[in-house]
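Q: Mind looking over this structure? Questions follow.
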Amino acid sequence: MAKVAKIRQLKYINVLLQPKGNTMHPMLNIAVRAARNAGKIILRASEDLSKVEVQQKGTNDLVTNIDKEAEAIIRDTILRSYPDHCIVGEELGEHKGKDADYQWIVDPLDGTTNFIKGIPHFAVSIALKVKGRLDQAVIYDPIRGELFTASRGQGAQLNSKRLRVSKTVDLGGSILATGFPFKQKQHLDAYTEAFKALFIHTADIRRAGSAALDMAYVAAGRVDGFFEIGLKPWDTAAGELLVKEAGGMVVDFAGGVNYNNSGNIICGAPKLTQAIIREIRPVLTESLLR
């Protein structure tokens, strides 16, 4: 009996010594499951792209049957656990649940053009808002098996390892990520001026084709900052929480918080983000500063 009591005592002490904060939030757990389920569909399809059906849904805006299948399985996974929740997705639109306090924001395949062309750089992006505030986030790169996650107030992780934005405080020597305004080419001149204003100060600027992964890479400190014109909430919602929970800042081109409406976004370490704003504001049109 004494031996059994000793074992129980040791187990109890072991539980007390477990690091706190490692338990995944139940809703984040479902988001991870949904992202992985979608990732399986995307990976299978990437092995034979000749069977992928491509449609044009707008100017320079492509969608495939895989985008739709991936979003459908994400919805199914979420609604199986939370049937009353609301969902907004890029491809399947809005599902209005009974409980408006919970809204999932889904991009089933961010980087569709990369996927179609066989460029192995794309991701599943899932975020959850609770009463209008971002609460959970997942960005999953199925090619590399990289799972970026964040819970509000609990930090950001990559495959369970804590993330922090880079310590870079100015543009000198920095690496930035960006996306060209390929859906809004009327802003090309202003974008080009902004690019030039930044490029002369930085070490380099990357354009990889997935805003979700760009923001995840900012959170991971792989790139120092990111800016893009005309994004949608499903492009940025998960990345926004990741960056903030990794100690970064997310703003619009005027330094405010209107990015969900304008679609114009800058993020990075706080001082670097302010440096980006200072360089590009003088060359942007008034419409981009709203």
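Q: Give the calculated FRET efficiency between Ile175 and Lys131 to the nearest 0.05, with a Förster radius of 35 Å applied to their Cβ-Cβ distance. Provide the component values of the computation, followed by the final result.
A: Working: r = 36 Å, r/R0 = 1.04.
The computed FRET efficiency comes out at 0.45.
Q: If you average the C-alpha positions of the stretch 78-124 and of the stretch 25-58 separately, how far apart do those two centres end up, in angstrom?
A: When both Cα centres are located, 10 Å separates them.
Q: Would you mind pulling out the separation of the Cα centroids of the stretch 237-255 and the stretch 162-217, in Å?
A: Here the answer is 14 Å between Cα centres.
Q: For the pair Thr285/Glu146, report the inter-label distance in nm, with labels modelled 7 Å from Cα in the Cβ direction.
A: 3.4
Q: Hey, rough spin-label estimate for Ile200 and Leu43, points 7 angstrom out along Cα→Cβ, what's it come to in nanometres?
A: Placing both labels 7 Å along Cα→Cβ, they lie 4.7 nm apart.
Q: How much net charge surrounds Asp101 when only the other residues with a Cβ under 11 Å from the Cβ of Asp101 are counted, with Lys and Arg +1 and Asp and Glu -1? If you can, show how the numbers build up before the last one.
A: Details: positive: Lys98, Lys129, Lys131, Arg133; negative: Asp84, Asp99, Asp135.
That works out to +1.
Q: Using a 1.4 angstrom probe, figure out how much accessible area the chain has per residue, in square angstrom, rounded to the nearest whole.
A: Working: 14330 Å² over 290 residues.
Roughly 49 Å² per residue, with all protein chains present.
Q: Moving on to the next point. Net charge near Phe180, counting Lys/Arg +1 and Asp/Glu -1 over other residues with Cβ under 10 Å of its Cβ?
A: On the way: positive: Lys183, Lys185, Arg207; negative: Glu228.
In short, +2.
Q: Specify the longest stretch of the chain that does not include any exposed loop site, a site being one of the GluC sites (Glu not before Pro) with a non-H, G, I, E, B DSSP assignment and at most 15 other Cβ atoms within 10 Å. Can you show the working numbers first?
A: Working: sites that count: Glu47, Glu53.
Longest gap between qualifying sites, sites excluded: 54-290.
Q: Net charge near Pro83: determine it from the other residues with C-beta under 13 Å of the C-beta of Pro83, scoring Lys and Arg +1 and Asp and Glu -1.
A: Residues near Pro83 contribute +1 overall.
Q: Non-local amide H neighbours of Val223 (under 5 Å, H modeled in plane, Pro and chain starts lacking H): which ones?
A: Answer set, sorted by chain and number: Val218.
Q: Using Cα springs under 10 Å in a Gaussian network model of the chain, which residue among Gly248, Gly155, Gly145 shows the largest mean-square fluctuation?
A: So, out of Gly248, Gly155, Gly145, the one fluctuating most is Gly145.
Q: Let me ask something else. On the full set of protein chains, 1.4 Å probe, figure out the accessible area of Leu92 and give it in Å² to the nearest 10.
A: The accessible area of Leu92 comes to roughly 70 Å².
Q: What is the log10 of I(q)/I(0) for the stretch 172-290, computed with the Debye formula using one identical point scatterer on each Cα and no solvent, at q = 0.13, 0.16, 0.24 Å⁻¹?
A: -0.40, -0.63, -1.66
Q: Determine the share of the chain's accessible area contributed by carbon and sulfur atoms, expressed in whole percent, with a 1.4 angstrom probe. Present the calculation step by step, with values, prior to reporting the outcome.
A: On the way: 7350 of 14330 Å².
The computed percentage sits at 51.
Q: Okay, moving on. Per-residue HN-Hα couplings for the stretch 228-233, Karplus 6.51 cos²θ - 1.76 cosθ + 1.60 at θ = phi - 60°, whole Hz, x for Gly and Pro?
A: Once rounded to whole Hz, the list reads 7, 9, x, 7, 9, x.
Q: Scale the Cα Rg of the stretch 134-222 by the rule-of-thumb value 2.2 N^0.38 Å and send over the ratio, two decimals. Write down the numbers at each step before the final one.
A: Values: Rg = 15.1 Å, N = 89, 2.2 N^0.38 = 12.1 Å.
For the stretch 134-222, the normalised Cα radius of gyration is 1.25.
Q: Using θ = phi - 60° and the Karplus relation 6.51 cos²θ - 1.76 cosθ + 1.60, list the HN-Hα couplings for the stretch 43-48 in order, rounded to whole Hz, with x at every Gly or Pro.
A: Calculated HN-Hα couplings, in order: 5, 4, 5, 5, 6, 8 Hz.
Q: Once the Cβ-Cβ distance between Lys271 and His25 is put in as r, and R0 is 41 Å, what FRET efficiency do you end up with, to the nearest 0.05? Walk me through the numbers on the way to the answer.
A: Numbers: r = 30 Å, r/R0 = 0.74.
That pair, Lys271 with His25, gives E of 0.85.
Q: Same structure, new question: Over the Cα atoms of the chain, how large are the radius of gyration and the largest Cα-Cα distance (Dmax), in Å?
A: Calculated on Cα positions, Rg and Dmax stand at 20.4, 80 Å.
Q: What translational D, rounded to a whole number of µm²/s, comes out for the stretch 68-189 from Stokes-Einstein when the hydrodynamic radius is the Kirkwood one over Cα pairs, at 37 °C and 0.692 mPa s? Display every interim value, and only then the final one.
A: Details: Rh = 16.6 Å.
For these conditions, the coefficient is 197 µm²/s.
The values are calculated or read from the model by the stated rules, or taken from the named source; none is laboratory data. On a predicted model such as this, the values are computed, not experimentally measured, just so you know. Virtual Cβ from ideal backbone geometry, glycine too; neighbours counted across all protein chains shown. Remember, those area values only see protein heavy atoms, side chains included, never the ligands or the DNA or RNA. Shrake-Rupley method; radii C 1.70, N 1.55, O 1.52, S 1.80 Å.
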